[in-house]
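> The structure is given below, and queries will be raised subsequently.
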Amino acid sequence: MEDLALTLEALLQTTRYLADGYSRASLWDLVASPLPYELQSREADLQVYPHPNVPAKLLYKVQEQGQYSVLKFTSQYNELVHHALADEGLAPQLLEPVTQLAGGWYMVSMELLDNPWFTLDALLAEGHPREFDAAIAAVWEALAKAHSVKAGAGKPVWGDARPGNIMLHRRGDGSFEVKFRDFDWAGEEAGMHYPGYLNPQSPGPGCAVSCSHSAET
């Protein structure tokens, strides 16, 4: 009985000690590193990749041995569709195989499309109608080419082909090169369905993603 009482007393004192420590600690004291654990052991100069709409997105710009790339952490990703479009020059190149991590997360390492690349959103904000018409024509052409690519047994589709995920490069003759990104919700047509929390412009939770939705978005 005495041993039990001593054990309970020790447990009570330990609990008080921990509660006091946590109440006085800052967030940075509690979290050893703000980076995902997979990056903590890498000797790289890391900085958060700007994402004005979703500041907390797990997307990082990485400098390693003088080379820049993008590392993305996501709970779902279609490597097959990304590879198929990258092989046709329609997406950034994947630099490593997509890695499945503990806890149901995936790490995606890809080419960084930095300046002079920019998003279709950015072009819309500039407000140059003539350039916009040329860019939209290039996007339509790229979409048609993307939907003709084989990714597995069917056509590739992705549920978030919005202006912020369409990258443009202005050529010297005024035409545009187009690449797509963000293949979290990508797959084969009729085999991929929208979740309930995706782009509010999507047809609706549970609906199958189709090639026509990319154009509508």
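> Within the set of pairs 6+ apart or on separate chains, which have a first residue in region 155-176 that is over 17 Å from L123 (Cα atoms), a second that is assigned to a strand (DSSP E or B) and aromatic (F, W, Y), and C-beta atoms under 8 Å apart?
Listed by first residue and then by second, the contacts come to W158/F180.
> Could you grab me the full set of residues in region 64-82 that are assigned to a helix (DSSP H, G or I) and over 15 Å from the mean Cα position of the chain (by Cα)?
L80
> Let me ask another. Any chance you could count how many residues in region 146-171 are over 22 Å from Y77 (Cβ atoms) and either surrounded by 20 or more Cβ atoms within 10 Å (Cβ to Cβ) or at pLDDT below 90 (or both)?
Within region 146-171, the first condition is being over 22 Å from Y77 (Cβ atoms), and the residues that meet it are 148, 168-171.
If we keep only those that are either surrounded by 20 or more Cβ atoms within 10 Å (Cβ to Cβ) or at pLDDT below 90 (or both) as well, we get 148, 168.
Number satisfying all stated conditions: 2.
> Does region 125-139 include one or more residues that are within 25 Å of H83 (Cβ to Cβ) and not assigned by TED's automatic domain parsing to the domain that holds L59?
Yes, there is a match, as at least one residue in region 125-139 is within 25 Å of H83 (Cβ to Cβ) and not assigned by TED's automatic domain parsing to the domain that holds L59.
> Report whether or not Y49 is among the aromatic types (F, W, Y), closer than 15 Å to R181 by Cα and at pLDDT 60 or above.
When the stated conditions are applied, Y49 does not pass them.
> Here's another thing I want to ask about it. Looking at region 92-115 only, could you name the residues that are in contact with a Leu (Cβ under 9 Å, 6 or more places away or on another chain), part of a loop (DSSP other than H, G, I, E, B) and either surrounded by fewer than 16 Cβ atoms within 10 Å (Cβ to Cβ) or not hydrophobic (A, V, I, L, M, F, W, C) (or both)?
Matches in region 92-115: P92 only.
The values are calculated or read from the model by the stated rules, or taken from the named source; none is laboratory data. Source: prediction; values computed, not measured. When we count neighbours, we look across all protein chains shown, and the Cβ atoms used for this are built from the backbone with ideal geometry, even at glycine.
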